[in-house]
Every structure is written in structure tokens, then in C-alpha cells.
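The values are calculated or read from the model by the stated rules, or taken from the named source; none is laboratory data. Values in this document were obtained by computation on a predicted structure and should not be read as measured data. Methodologically, a virtual Cβ is constructed for each residue, glycine included, from the backbone with ideal geometry; neighbour enumeration extends over all protein chains shown. Surface areas here come from the heavy atoms of the whole protein model, side chains and all, with no ligands, DNA or RNA. Shrake-Rupley method; radii C 1.70, N 1.55, O 1.52, S 1.80 Å.
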Amino acid sequence: TQLLEQSPQFLSIQEGENLTVYCNSSSVFSSLQWYRQEPGEGPVLLVTVVTGGEVKKLKRLTFQFGDARKDSSLHITAAQTGDTGLYLCAGPRAGNNRKLIWGLGTSLAVNP
Amino acid sequence: GAGVSQSPSNKVTEKGKDVELRCDPISGHTALYWYRQSLGQGLEFLIYFQGNSAPDKSGLPSDRFSAERTGGSVSTLTIQRTQQEDSAVYLCASSPGWGETQYFGPGTRLLVL
């Protein structure tokens, strides 16, 4: 069974701090996606990583896909209150990539 | 342009009643997905529509759940004889085609008393 485990489950930091959240699996994924979900809204896609070892940057957010394509990380530099939200990773299910497997998410609170 | 919209935004119902949840996808998007998001459970795939193809219903948890998509646009998710464990946020997403970026609506928060 393919699973995506995200850690930490909760994170509360002060504005200006750096942080890293993780998305891990024992299975290989052809790609992984990162989403941010704010309260009362649906998830919004931030990035898709496809190639093992790939690093993508989106302003202060850096996404990395593990060499073996089993894990990914999201690093935020100098966090801002606007970064607060639930960060979800998701990847296509083997054999039926219409369905995404979702992690439970990391709930991030950035305090002023 | 308008994003994915869902209605109602909140629904409180009594156990045993039927509910209908509506999703208006982005115009021109051929793919439409329904998900359920529960505390501690993450997003659970329910059903997928792609154009005129037969829907992928493999994620529906029981035969109390059904969905249709009329005219390739608006979709309705129906839950019959609701149970307390059906309480969750029901999210709809659409994409231009299969495998492309999914755009989510704000969800319908369902509470079954």
C-alpha cells in the first residue's frame, strides 16, 4: 500500500524563522505535488516535482525531490504570517494515476 | 475568470436524511473530481469524471453515495440516508484534462447530527 507520511504534524514558529517539512514514503512515486490549504478553502497547488534529486524554488519556498523519488521536503526561509496554512503532499497512485494519494499534512502557524 | 464553486458552503442535517452537494467546475475543464476530507484522515478520493467517459466510482465508500455530472459541467454528489461518519468537508476539483493541475473549490462542510 502506498502511503505518504508528513512530518511534523504541527509546527508553530515566529515570523522570520526558517523551517523544513517532510513528506516520506517507502514507495517510489513518479512525481509528488505540494499544496497549501488555508482555512475554509480548498488546497492550492504550489509545485510538482518529477525528477529524482530535483530542486524547485518558489520565492522563499524550496522544494526537493529525493534521489530515489520516495521523499520530498519543503523548506521555507524567513517565514511570514501569510505562510500559515496546511501543507499537503500528494502523489499519483501506481497503476491508476488519476487518483492521488495524499499525506495528512503539516499544519503551520507563523506567529507575528 | 471564476474558479470552482461549491454549494452549499455548510450543511447541517439529521441522521437518515439525504443531502445533495453541488459543484460548478471551471468553464471548459473536462475533468472533475470529488474528495472527502476528514480530520485525521486526509483527502480521500471519491469519484472522477472525464469528458463523456464512464466515471471512475472506485472511491465511493458505500452505495449510499452517488454522483452525476450533467452536460459535462455541473456535478452533484448525493449522500442518501446520511450517517454521522459522513460528517466531513467535501471538496470538488476540476482540471483542463486528465493528469493536469487540479483546481479545488472551497468545499462543503457537512455535519450529520
With Cα springs under 10 Å, the Gaussian network model of chain B assigns the largest mean-square fluctuation among B:Gly40, B:Gly16, B:Gly28 to B:Gly40
The summed charge of the B:Trp98 Cβ neighbourhood (under 13 Å; Lys/Arg +1, Asp/Glu -1) stands at 0
Expressed as a whole-number percentage, the relative contact order of the range B:5-107 with C-alpha contacts under 8 angstrom and at least six residues apart is 36
Quick calc, chain B, dipole around Cα centre from Cβ unit charges on Lys, Arg (+) and Asp, Glu (-), nearest 20 debye, gives 200
Per DSSP, the loop-located trypsin sites (Lys or Arg not before Pro) within the range A:57-96 having at most 15 other beta carbons within 10 Å are A:Lys59, A:Arg60
Whole-number value, in Å³ per residue, for the convex hull of the alpha carbons of the protein assembly as shown is 127
Here the gain from full extension of B:Glu68 to B:Ser9, 0.36 nm per residue of separation minus their alpha-carbon distance, amounts to 19.3 nm
Note on chain A: contact order normalised by length, alpha-carbon pairs under 8 Å, 6 or more apart, percent, works out to 36
Counting only protein heavy atoms with a 1.4 Å probe and every protein chain in place, the carbon and sulfur fraction of the accessible surface of the protein assembly as shown in whole percent equals 47
Per-residue average of other protein chain Cβ atoms inside 10 Å, peptide B:101-109 -> 4
Averaged over all viewing directions, the convex hull of the alpha carbons in the range B:1-109 casts a projected area in nm² of 6.6
Note: B:43-51 gets an average of partner chain Cβ contacts (10 Å, Cβ to Cβ) equal to 3
For chain A, dividing by residue count, accessible area per residue (probe 1.4 Å) in Å² works out to 49
Listed by chain and number, the lysines with an alpha carbon less than 24 angstrom from that of B:Lys17, same-chain partners under 8 positions apart left out, are B:Lys57
Those GluC sites (Glu not before Pro) from the range B:51-113 that are DSSP loop and have at most 16 other Cβ neighbours within 10 Å turn out to be B:Glu100
Under a Gaussian network model of chain A whose springs join Cα atoms within less than 10 Å, the largest fluctuation of A:Gly66, A:Gly82, A:Gly52 belongs to A:Gly82
Quick shape check on the range A:25-112: root eigenvalues a ≥ b ≥ c of the Cα gyration tensor, a/c under 1.5 is rounded, otherwise prolate if a/b tops b/c, else oblate, and it reads oblate
Inter-chain shielding metric for A:64-73, i.e. average beta-carbon neighbours from other chains within 10 angstrom, reads 0
Filtering GluC sites (Glu not before Pro) in the range A:1-46 by DSSP loop and by at most 14 other Cβ atoms within 10 Å leaves A:Glu15, A:Glu17
Cross-link reach from A:Lys70 to aspartates and glutamates, straight Cα distance under 19 Å and at least 8 residues apart if same chain, gives A:Glu5, A:Glu54
